[in-house]
Every structure is written in structure tokens, then in C-alpha cells.
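The values are calculated or read from the model by the stated rules, or taken from the named source; none is laboratory data. Keep in mind it's a predicted model, so treat the numbers as computed, not measured. Cβ coordinates were reconstructed from backbone atoms using ideal geometry, including for glycine residues, and neighbour counts include every protein chain displayed. Areas reflect the complete protein model, heavy atoms only, side chains present, ligands, DNA and RNA absent. Shrake-Rupley method; radii C 1.70, N 1.55, O 1.52, S 1.80 Å.
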Amino acid sequence: MLSRFLSRQRSTLLAAAFASTLTAGMAQAANDQIHFLVPGGAGGGWDGTARGVGEALTKSGLIERASFENLSGGGGGKAIANLIEKADQSHGTLMVNSTPIVISSLSKVFPQSFRDLKPIAAVVGDYGAFVVPTSSKYMTFQDVINDFKNDPRSVAVAGGSARGSMDHLVAAMAFKAAGGDARRLKYVAYDAGGTAMAGILSGEAHLLSTGFSEAVVLANAGEVRILAITGDERSATAPDVPTLKELGYDASFLNWRGFFGAPTLSDEQADEYANLLSKMYETDEWKVVRDRNGWTEVFKPRADFVAFLENQETVIGDLMRELGFLK
């Protein structure tokens, strides 16, 4: 009897030790490969951020592999719903998102909010930018404002997201600061930055409201001119581009971009991901990606990220009500 009891005890201890080792191995494996979920199409700011972070992590050797999935639809809501629905199978997935998750939640574009996910960290900030094709008659942002004031419907502004979303909100903020009626802004919504760019190239719209990092890539390719950015000061990445403030418009905006995990991700696993992103900041490979895209570092891990998001709800909600996007 005693020998059978001791045998059972040894089996139980071995099983527990094996489970512990397996759990540790799974936690380690989670950082060997990351699957990045992008809520928009190729060519947009979310896509660029996910691929840039994946590039820095793999080239620096912090992880072995990175994979990417573009799942656009519903202003980002389709990807959020997918991550929640497949939460238990998605502990190796990080979804990129940004200010639109706050805006879309406030405006009820989708029923979820950041509270339905596991916030990992804010990683970068990106100013808004206003660009035109190189063939455009508009040489300055003031030229656009002059036409808008004469006939608001004569200026169509493209954005890579839905009406009332961030691209729309940033444009409305700028036009309001310039003395125009932001509620009369003609906004043409596209499902990603790439298709919005195609919209101004085809003449469907005249001005593109987008992220500065996207604008820099397009400008370097010789496709657009950047008329203005929403930073408090000029960027070293594009030193010839003025800010709205120096043009005399009291408006500035910084769009954060960061990552979220599945809601069933443990706090320990979430901390591992946040620590991994923190280590990435110290690598030369990250500095190359950051400077190439003109990103500003705004690292806010875990609890700091949640507090920041809660504050964003208040600040952005007030701005949306002021501009008539919320009652």
C-alpha cells in the first residue's frame, strides 16, 4: 500500500514538474514568433507600424520570426472581434491599433473598446499630415483653406478610414482652426491609406489626411507634396514642411500607435510582450526603422498605457463633441 502511494506521489510530482516546464517553454515560445494582426489594408499606418516593429524585432534577434495578417473592415472592428472570438488560440498574436480604437468606440462604430482587449504598450507617435499629388495646383495649405472658405464643397479630403474617424477628425480640427466650418468638410472615406492615396491621384479627392510616416514614404517616392503637419514643431525627417501652428492655426495632434493582446492573455504573458518591446527600443535596428518612418517614441507599457487610454477617451470625446461628431 505504502509503495503504491509513494509511486502515485512521484507520478504526481513528475507530472507537475513536466507541466511547469511545458508552461515555461510555451511562454518562451510566445516570444520566438509573433503574429501581427493589422486591422486595415496594406499601405496604411497600422500596416507600416506592425511591419516596422516586426522588422526591428527579427533583425535584432529578439524574436526569430514575425508574420502579418491584414484584416480590414468595420473601421478596425472586424479585427478586434476576431481577436476576441479566437482569444484562446491567439496568445501569440499582437494587434496593432492607435487613436481610432478610442474614436470608434466613442462613436459606436463597433461595440468593443480597449477594455475588451489586453493592452500591451503604446510604442510610437505619428503626427497628422496633409498631402497633395505633385501635379496638384495646391502649393501651400493656405491655398487649400482659401478654396474651402470660398466653397467648402470644392475641396474633397480623402482619408484611409471611415467618416468621423481619426483622419476625418484631424482634418476637421485643422480646417476649424483655420477659420472654416468643419461641419461642412467634404470627407471621402477609404478603407486604407493606400486606397486613399489612389483617390487623390485619380482626382476623386484633392487633399489626403494621413499619418506623417505614411506621407514621408510617399513624398520620398516623389508622388506627393506634404503641405503641413500637426506637430508642435517641424520634424527633422522633413524639415521643409511647416506645422499648422507656424502657419497661424492653433492646432496640433499626435496619434499614438501600440499593441494589444487577446483578452485571455495572462498578465505575466502581457508583461513579457511589454518587456520585449522595451528591449527593442535599445537596438540599433529599431533606431533605423524609427528614423526612416519619422516616428516619435511614446513608450507606455501596461498600466501606464491603460491610464493614457482612459485620458484619451476624455480629451478626444470633448473634441468630437465640439466638432459635432458626438452629441
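A residue that is modelled with pLDDT under 95 and in contact with a strand residue (DSSP E or B) (Cβ under 8 Å, 6 or more places away or on another chain) can be found somewhere in the range 267-290. Flag: Val132 does not match the condition of being assigned to a helix (DSSP H, G or I), among the β-branched types (Val, Ile, Thr), more than 30 Å from Leu265 (Cβ to Cβ) and open to solvent by less than 10 Å² (accessible area, probe 1.4 Å). Can Leu83 be described as open to solvent by less than 40 Å² (accessible area, probe 1.4 Å) and more than 23 Å from Trp295 (Cβ to Cβ)? It is true that Leu83 is open to solvent by less than 40 Å² (accessible area, probe 1.4 Å) and more than 23 Å from Trp295 (Cβ to Cβ). The condition (being of a type in the set (Gly, Ala, Ser), open to solvent by less than 10 Å² (accessible area, probe 1.4 Å) and free of Cβ contacts under 8 Å to residues at least 24 places away in the same chain) is satisfied by just one residue among Gly54, Gly40, Gly61, Gly76: Gly54. For the range 285-300, taking the residues that are open to solvent by less than 40 Å² (accessible area, probe 1.4 Å) and not in a helix (DSSP H, G or I), the one that is farthest from Gly231 (Cα to Cα) is identified as Val298. Looking at (1) farther than 12 Å from Lys118 by Cα; (2) part of a strand (DSSP E or B), can you tell me which one Asp250 breaks? Unmet for Asp250, out of (1) farther than 12 Å from Lys118 by Cα; (2) part of a strand (DSSP E or B): (2).
Residue-by-condition table, conditions (1) buried (at least 17 other Cβ atoms within 10 Å of the Cβ); (2) more than 19 Å from the chain's Cα centre (by Cα); (3) of a type in the set (Gly, Ala, Ser):
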| position | (1), (2), (3) |
| --- | --- |
| Gly222 | no, yes, yes |
| Arg225 | yes, yes, no |
| Leu254 | no, no, no |
| Pro263 | no, no, no |
| Ser278 | no, no, yes |
| Thr283 | no, yes, no |
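Only one of the numbered conditions (1) touching a Ser or Thr at 6+ places or on another chain (Cβ under 9 Å); (2) closer than 19 Å to Asp147 by Cβ; (3) free of Cβ contacts under 8 Å to residues at least 60 places away in the same chain; (4) not hydroxyl-bearing (Ser, Thr, Tyr) is violated by Asp167, and that is (2).
Restricting the range 92-109 to residues that are buried (at least 18 other Cβ atoms within 10 Å of the Cβ) and part of a loop (DSSP other than H, G, I, E, B), the residue that is modelled with the lowest pLDDT is Val109.
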